[in-house]
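Notes to accompany the following structure.
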Amino acid sequence: MKKTILAICLFTGITTANAQGVGQGIGQGLGAHHKCKSMAEALDMRAHNAMWKDPSDGEVFATMSLAYMSWVQGFISATNLHRPQNGQIRLSPERVAEWMQNYCTRNPDQEIYMGAKNIVESLPEGYH
């Protein structure tokens, strides 16, 4: 339980600090500040929806692959809020992970949000 509270406090502090930054561009949080290389490596190590169980006490934690994927899916959902029905992006989490894995492998030095931006600018086909 102490680990969970500590993790929440650290995450809240990091997110708050990032939100107060100046000139950060298109997004906030993990996707805006982490490189694609980190996401590609995380997806290589664990599934897009993986959890990790601490062998010492059995407590379960989200992996970075899940954290990155949650950020990307939130970015897509936010975009969908501002689109008509014929412009909705409808991808399964597996397809989003595959898209991001491909994008991030080709563009390791770009921020993760650039991969998410690539999805929303490319889909659905013929929308733009």
Expressed in nanometres to one decimal, the distance between label points 7 Å along Cα→Cβ at Gln73 and Asn86 is 2.9
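With the full set of protein chains in place, find how many percent of the accessible area of region 26-128 is carbon and sulfur; take the probe as 1.4 Å. Write down the numbers at each step before the final one.
Numbers: 2980 of 5780 Å².
Ligands and nucleic acids excluded, carbon and sulfur give 52 percent.
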Cα centroid of region 67-81 to Cα centroid of region 38-63, whole Å: 19
Looking at the calculated P(r) for region 56-121, what percent of the C-alpha pair distances fall above 14 Å? 61
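The values are calculated or read from the model by the stated rules, or taken from the named source; none is laboratory data. The shown structure was predicted, so the numbers you read here are calculated from the model rather than taken from an experiment. Neighbour counts are summed over all protein chains in view; Cβ atoms, including those assigned to glycine, are modelled from backbone coordinates with ideal geometry. These accessible areas exclude ligands, DNA and RNA; they are computed on the full protein's heavy atoms, side chains included. Shrake-Rupley method; radii C 1.70, N 1.55, O 1.52, S 1.80 Å.
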